[in-house]
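Okay, structure first, notes after.
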Amino acid sequence: AQSVAQPEDQVNVAEGNPLTVKCTYSVSGNPYLFWYVQYPNRGLQFLLKYITGDNLVKGSYGFEAEFNKSQTSFHLKKPSALVSDSALYFCAVRSLNTGGFKTIFGAGTRLFVKA
Amino acid sequence: SQTIHQWPATLVQPVGSPLSLECTVEGTSNPNLYWYRQAAGRGLQLLFYSVGIGQISSEVPQNLSASRPQDRQFILSSKKLLLSDSGFYLCACPEWGQGILSGANVLTFGAGSRLTVL
């Protein structure tokens, strides 16, 4: 069965510092990996995805993520955090081995960026 | 790109009352559709998905049901609400235009329906 783990409920970082939000996954077959962000009382917005190829994926708003197959991880990173990055971040996985129909999300990590 | 409409945006219902949440999609045809629930502002739980009219797959046993009466309409229902049904319900649909492989497609989400059961 597919699963996604986000080991940190909350990440606190000062504005201007680098940030990392961790994600590990479990899936049979090749994974498709995603990061989404949610602002209060809103639906989720797509940030970036990994399909194949270069392990470093660049996405919206200066975010990037690194796919590590041996560690089954897909950590989200940003070199310099902004206060406006404060939100709830979700890692998600999908595999065609399960028909490609289901996207499974992690529990979410709340990011607080302090000015 | 497609747009997902959900209504009502907010709903307060007593325990034991019925529920109907509606999701409609514009800008695509024959989409896969999904209902997720988010409890207490945290993780998303996949409740139902549908690959076509009248085709519903349930992911977890629960007090809720789903129906897809039309290609771009997805409805979440309950005959008798429980306190535990409270949450933020999100409808989602893949953006097929973003990739050849269905698995690589990003999900588009509606703005959500917040249900409070008292």
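The values are calculated or read from the model by the stated rules, or taken from the named source; none is laboratory data. Given the structure is predicted, the values throughout are model-derived calculations rather than measurements. Quick reminder, even Gly has a Cβ in these numbers, built from the backbone with ideal geometry, and neighbours come from all protein chains shown. All accessible areas refer to the heavy atoms of the entire protein, side chains included, with ligands and DNA or RNA removed. Shrake-Rupley method; radii C 1.70, N 1.55, O 1.52, S 1.80 Å.
Among the trypsin sites (Lys or Arg not before Pro) in region B:58-98, those located in a DSSP loop and surrounded by at most 12 other Cβ atoms within 10 Å of their own Cβ are B:K79, B:K80.
Determine one quarter of the surface area of the Cα convex hull of chain A, which equals its mean projected area, and express it in nm² to one decimal.
Values: hull surface 27.5 nm².
So the Cα hull casts an average projection of 6.9 nm².
Here region A:59-115 is treated as a Stokes sphere of Kirkwood radius computed over C-alpha pairs; at 25 °C and 0.890 mPa s its diffusion coefficient rounds to 186 µm²/s. Direction-averaged projected area, Cα convex hull, region A:1-56: 5.5 nm², rounded to one decimal. For the peptide A:41-49, the mean number of other protein chain Cβ atoms found within 10 angstrom of a residue's Cβ is 6.
Surface exposure of region A:1-65, expressed per residue as accessible area with a 1.4 Å probe, stands at 50 Å². In percent, rounded to a whole number, the relative contact order of chain A is 38, using alpha-carbon pairs under 8 Å and six or more apart.
Counting only residues at least eight positions apart within a chain, or on another chain, the lysines with an alpha carbon under 24 Å from that of A:K69 are A:K22, A:K49, A:K58, A:K77, A:K78, A:K102.
The contact between chain A and chain B removes approximately 2100 Å² from the accessible area (both sides summed; 1.4 Å probe; ligands, DNA and RNA excluded). Taking 4.7 Å between beta carbons as the limit, the unpaired Cys residues of chain B are B:C93. Mean projected area of the convex hull spanned by the Cα atoms of the protein assembly as shown, taken over all viewing directions: 12.5 nm².
Accessible surface of B:R114, taken over heavy atoms with a 1.4 Å probe and every protein chain present, rounds to 90 Å².
Distance distribution P(r), chain B, all Cα-Cα pairs, bin width 5 angstrom from 0: 2, 12, 23, 25, 19, 11, 5, 2, 1, 0 percent.
Each Cα pair under 8 Å and six or more residues apart adds its separation to the average, and for chain B the resulting relative contact order is 35 percent.
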